[in-house]
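The structure under discussion appears below in the form of structure tokens.
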Amino acid sequence: MSKSLFDSVSDKQKLSFEQLDCSEIRLANNDTIKVTGTAKIKMYIETRGEIDIDVYILPVTSHPFILGTDYLMKNNVVLDFSKMSCQLNTANVQTQKRLSLEPNTETIVWARVPNYITLGLQGVCSKSKFSCSKGLLVAKAVVTVPYNRKVPVKLLNPTSENVVIPKGRTIAEFSVLNNEYECASFSDTIPEVQHVDVSETIDSPHSKFTCSKPDYSKVKSLFTLPENLQETESDKLACLLHDNLDLFVTEDNPNLGFTRVVEHKILLKQDAVGKHQKPYRLPPFKREILREHLDNLLKQGIIAPVSETEDLLITSPIVLVTKRSKNSAKNLAPKTSDFVAIFVS
């Protein structure tokens, strides 16, 4: 990566940086070039999503960003010099709609591979990190990419609860068939079996499966359900929240999520002068509360640290608004503090 490109990257995308005083690397043409430093940055690739990548910072480069051999080998990239293009041998298989898998069920769903995967290409679909995190089992299967680029994925939900998969999640990994794989076709003749007694029922403690009712106690602890609802209505509402729990920020899902559909911009006039307000002085106990709020926002990636040399057009103080809990008596109610940022136009 060129130094000019690295300087233009926001601090939020720079995960680490180490400056090197005397260091050189050797290029493919046997020339050596000085290295300013090494860094780990967060990148967004349309076909891969967000990834963390280690880079060298070079003073001058022929191109702003050049992928190294480590990245090409790690991602199984094939370079086609006849077409002057690169081909990835792995791809994410993502859902096209929201799915709900019932407990102890097996389902075949159709998921899509990216556009850069060639039509008619054969590959193997296997488990992904997301499917493993949900407790799902993915059957390894050989698939052929059709014209609509939708391939079948066999999912098994062995848990006792519904598993909801939002749209656009990676449920499997597609790997192109190569010399490492060996495919064997099934025999055309199916052996016959005779004199087999088929039992309709089996008296065994392992033959009975009980599907327990989902536990909604966690949902009821996270949300305050209306008290005027009947028990059946309250259960239906708890079931709805339980099936869509991934849409809310919880301890198990602390990330709020990001979208690139709409980007917030503050438009200022050309002669506008930046407004800077001094921070309010807080007592020691409120500083601890403020530190906790800031740590949570930093952990979720909603805010990013600002360097001392970065020029900001607008700065605004943070206010902690104290309120009492509604569930307690007025005199005994514990106080909580809400995090508020004030912008004065």
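Every number in this text was worked out from the coordinates using simple rules, so none of it is lab data. The structure displayed is predicted, hence computed values, not measured ones. Cβ: placed from backbone, ideal geometry, glycine included. Neighbour counts: every protein chain shown.
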Subject >> Order of Ser8, Ser2 - criterion: other Cβ atoms within 10 Å of each residue's Cβ, fewest first >> reply: Ser8, Ser2
**OP:** Quickly rank 162-171, 98-107 as a protection proxy: mean count of other C-beta atoms within 10 Å, highest first.
**Re:** 162-171, 98-107
**OP:** Compute the signed sum of charges (Lys and Arg +1, Asp and Glu -1) over the other residues within less than 10 Å, Cβ to Cβ, of Ile33.
**Re:** 0
Subject >> FRET efficiency estimate (nearest 0.05) - Cβ-Cβ, Val321 to Asn115, R0 51 angstrom >> reply: 0.60
Subject >> Hz values of 3J(HN,Hα) by residue in segment 162-168 - Karplus curve (6.51, -1.76, 1.60), Gly and Pro given as x >> reply: 5, 10, 9, 10, x, 5, x
Subject >> Residues with amide H under 5 Å from that of Gln96, placed H, sequence gap 5 or more >> reply: Arg112, Gly168
Subject >> Proximal charge balance of Val306 [Cβ under 12 Å; K/R count +1, D/E count -1] >> reply: -3
Original post:
Given +1 on the Cβ of Lys and Arg, -1 on the Cβ of Asp and Glu, and no further charges, what dipole in debye does segment 3-75 carry about its Cα centre, rounded to the nearest 20?
Top reply: 100 debye
**OP:** Would you mind checking Lys97/Lys150; Lys134/Lys154; Lys12/Lys42; Lys12/Lys40; Lys129/Lys154 for any pair whose Cα atoms are more than 18 angstrom apart?
**Re:** none
Subject >> Charge dipole magnitude, Cβ of K and R +1, D and E -1 - segment 92-173, Cα centre, debye nearest 20 >> reply: 280 debye
**OP:** List the residues whose amide H sits under 5 Å from the amide H of Leu136, counting only those 5 or more places along or on another chain, with H placed 1.01 Å from N in the peptide plane.
**Re:** none
